[in-house]
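The values are calculated or read from the model by the stated rules, or taken from the named source; none is laboratory data. Worth saying up front: this structure is predicted, and the values here are computed from it rather than measured. All Cβ positions, glycine included, derive from the backbone under ideal geometry; neighbour counts span all protein chains shown. Side chains included, ligands, DNA and RNA excluded: accessible areas come from the protein's heavy atoms. Shrake-Rupley method; radii C 1.70, N 1.55, O 1.52, S 1.80 Å.
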Amino acid sequence: PTMHPDFEQIIEDTLALRDEYAPTAKISVLSNATQLHRADVVRALKRVDNNILKIDSLVEDVARLINKPCCNYSVAEVVEQLKQFDGELIVQTMFLRGEYEGKVVDNTTEEQIALWLEALQQIAPQSVMVYSIARDTPCKSLVKVEKEELEQIAQRVISCVSVFCLPVCGFCIVIVQN
């Protein structure tokens, strides 16, 4: 949604409608974080209740394979841009492995996890969501990471970023800061 040229106004209108008709409702936005170079997008995301931003790999080539960004994309720049939220964000990461376009995709390797944990320490999000593929994908060679492995990854987040884990049904684990 952040690619829309009037994103900030859309959030403004959404918040006004929420305040008028459902003041206890929470507004959540899930974004691939490719538009954080725009000040209007950052301002709008800082106003929502749940600012959920994806970062699926800290290795440039793997991130491009997983997310297929449509614009200039730099993992290092995204990490820097995520820091500007001063922890007022939720980082969401999809873990998977397999092959895509003849290239190996696996963001569960020790190198990948170590880089991701290092980035989480720098970003210091209020929450972290880890999950895997939950339904069929157009690419049949990609496979989901099982719940047990996601739980192991979650434990590493807990140890590294000082958060506790709130289990959620299915293959999503939300880790919330104390």
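Report the percentage of all Cα-Cα pairs in the range 1-81 whose separation exceeds 15 Å, rounded to a whole percent. Across the range 1-81, Cα pairs with separations above 15 Å total 58 percent. Take the Kirkwood radius over Cα pairs of the range 26-68, plug it into Stokes-Einstein at 4 °C and 1.567 mPa s, and you get 114 µm²/s for translational diffusion. Of the beta bridges in the range 1-106, as assigned by DSSP with both residues counted there, near 35 percent are antiparallel. Residue-wise HN-Hα couplings along the range 127-144, as the Karplus relation 6.51 cos²θ - 1.76 cosθ + 1.60 with θ = phi - 60° gives them from phi, are 8, 9, 10, 10, 7, 9, 4, 10, 8, 4, 10, x, 9, 6, 8, 8, 10, 6 Hz; Gly and Pro carry x.
The Kirkwood hydrodynamic radius of the range 1-140, based on inverse pair distances between different Cα atoms, is 16.1 Å. Once neighbouring chains are kept in place and the probe is 1.4 Å, which whole percent of the accessible area of the chain is contributed by carbon and sulfur? Ligands and nucleic acids excluded, carbon and sulfur reach 53 percent.
Here the chain is treated with +1 on each Lys and Arg Cβ and -1 on each Asp and Glu Cβ, and its dipole about the Cα centre works out to around 220 debye.
Close Lys pairs in the range 1-158, defined as Cα atoms under 25 Å apart and 8 or more places apart or on different chains, number 18. Taking the C-alpha atoms only, the angle from helix 147-161 to the longest principal axis of the chain is near 60 degrees. Over the chain, what is the relative contact order in whole percent, taking alpha-carbon pairs under 8 Å and six or more residues apart? The value is 17 percent.
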